[in-house]
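Below you'll find the structure, written out as structure tokens, and then a few comments.
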Amino acid sequence: MGAKKRIVRWIAIGLVIVALIASVGLLAQDGGTGRSLGFPAAAISSLPLLAVGVSFLLIQPMLRPRWAELTKNILLAATFLLWGCVQLMVQNSLSKTLGDVVIALYVVDLAWTVLARVIPAEK
């Protein structure tokens, strides 16, 4: 594994760890057991989404998926990134619309996954 690949791998791992820690912090804050450490609630809720979305994008060249799988993976990563951005937005009609787009993208991604598994690919 080349140095560049190792660096990207460790960045991806670091972002996943940040996402997991931020998720635990978010749940702890919601449960009243944690403190926000002075961060706005929007930043705390968007961090895990943005971090894991960027991480998933970074590993795509290492995974080298086929075009259909790459497209689906990019769609999933973009959905997480958009959801993270929506968390940072002021509540208004645009943020509601983008939140609905996030829902639609998750439905498309999961439907794609289900259909790819139940409909055999032509060989």
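Some observations on this one:
- Helix axis angle, 67-88 relative to the chain longest principal axis, alpha carbon, degrees: 10 degrees
- Our coupling estimate for region 54-63, obtained by passing each phi through the Karplus curve with A = 6.51, B = -1.76, C = 1.60 and θ = phi - 60°, is 5, 4, 5, 5, 4, 7, 4, x, 6, 6 Hz, Gly and Pro reported as x.
- The slack in the chain from residue 90 to residue 42, taken as 0.36 nm per residue of separation less the alpha-carbon distance, amounts to 16.4 nm.
- Approximate spin-label separation residue 109-residue 17, in nm, with each point projected 7 Å along Cα-to-Cβ: 2.4 nm
- Label-point separation in nm, residue 100 to residue 68, each point 7 Å along Cα→Cβ: 3.1 nm
- Each peptide in 91-98, 1-8 gets a packing score, the mean of other Cβ atoms within 10 Å over its residues, and the list from highest to lowest is 91-98, 1-8.
- The calculated 222 nm mean residue ellipticity attributable to helices in the chain amounts to -28500 deg cm²/dmol, summing -39500 (n - 2.57) over DSSP H runs of n ≥ 4 and dividing by all residues.
- Most fluctuating residue given options 38, 84, 25, as computed from a GNM of the chain linking Cα atoms under 10 Å: 38
- Lysine-lysine proximity count for the chain, Cα under 30 Å, sequence distance 8 or more or distinct chains: 4
Any read-out appearing in this document is the output of simple, stated calculations on the displayed coordinates, not a laboratory observation. Everything numeric in this text was worked out from a predicted model, so none of it was measured. Neighbour counts are summed over all protein chains in view; Cβ atoms, including those assigned to glycine, are modelled from backbone coordinates with ideal geometry.
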